[in-house]
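The values are calculated or read from the model by the stated rules, or taken from the named source; none is laboratory data. The model shown is predicted, which means the values in this text are computed figures rather than measured ones. With ideal geometry, Cβ positions are generated from the backbone for all residues, glycine too; neighbour counts draw on all protein chains shown.
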Amino acid sequence: MQALFKLTSISTPADYEIFKGLLLEYAGRDLDDPKNSTIWKDIEQLPGRYAAPEGAVLLASVGDELAGCGAYVATAQTGVAEIKRVYVRDGFRRQGLARALTLALVEQARLSGYQTAAICTWPHNTLALALYQELGFVPMDSFREPSKAHLIFLGLPLGQPQQDTNSLSE
């Protein structure tokens, strides 16, 4: 049985403190190269590039437990939003939360006027790659600086609303 997820958009300083805590947790356990990650700059500058209208953050909960987060930010390419920081805490993994977060972020980016949702990840992140490909993301040119060329870049055109029947509570 899948859990019912509540996804909440954030905007207050208190919300961003919660997001910061999740980013620190994510950096400490799931980042492939934390020393060279942009996450540290993001944490220092919150809300920074995550603030509306160019960006957005979703916090996910199950009941009264914080389960994860995800965000999107504008890229240097006009009309392209990068989905970032999709993080699911251990006790909530393999229940469809990463899918729910990704689909909700894709839809929010579409509603905000972006034409493409983009994701980059490490080649060995096979579970995430399989999910993104299942959701319709396809290879695209890098939307990041050349030093990130070792990552896999995927994009999804945002012409139509995304549909998903997984359990998602608002």
Selection from region 104-119 of residues of a type in the set (A, V, I, L, M, F, W, C) and buried (at least 20 other Cβ atoms within 10 Å of the Cβ) yields Ala104, Leu105, Val106, Ala109, Ala117, Ala118, Ile119
Give the residues of region 145-161 that are crowded, with 17+ Cβ neighbours inside 10 Å and either part of a strand (DSSP E or B) or modelled with pLDDT under 85 (or both), sorted by residue number. Ile152, Phe153, Leu154, Gly155, Leu156
Can you give me the number of residues within region 89-103 that are surrounded by fewer than 24 Cβ atoms within 10 Å (Cβ to Cβ) and either hydroxyl-bearing (Ser, Thr, Tyr) or without any contact (Cβ under 8 Å) to a residue 40 or more places away in the chain (or both)? 5
So is Tyr114 modelled with pLDDT of 95 or more, part of a loop (DSSP other than H, G, I, E, B) and not β-branched (Val, Ile, Thr) or not? yes
May I ask you to say which residue of Ala76, Ala60 is exposed (fewer than 13 other Cβ atoms within 10 Å of the Cβ), among the hydrophobic types (A, V, I, L, M, F, W, C) and in contact (Cβ under 8 Å) with a residue 40 or more places away in the chain? Ala76
Filter region 26-85 down to the residues that are in a loop (DSSP other than H, G, I, E, B) and acidic (Asp, Glu) and list them by number. Asp30, Asp32, Asp33, Glu54, Asp64
Please pick out the residue among Leu46, Leu7, Leu31 that is under 21 Å from Phe137 (Cβ atoms), surrounded by fewer than 22 Cβ atoms within 10 Å (Cβ to Cβ) and either in contact with a helix residue (DSSP H, G or I) (Cβ under 6 Å, 6 or more places away or on another chain) or at pLDDT below 95 (or both). Leu31
Considering only residues that are surrounded by fewer than 11 Cβ atoms within 10 Å (Cβ to Cβ) and not in a helix (DSSP H, G or I), which ones fall in region 120-137? Pro123, His124
Which condition from (1) under 22 Å from Pro47 (Cβ atoms); (2) free of Cβ contacts under 8 Å to residues at least 24 places away in the same chain is the one that Val138 breaks? (1)
Look at Thr165 and say whether it is polar (S, T, N, Q) and modelled with pLDDT of 90 or more. no
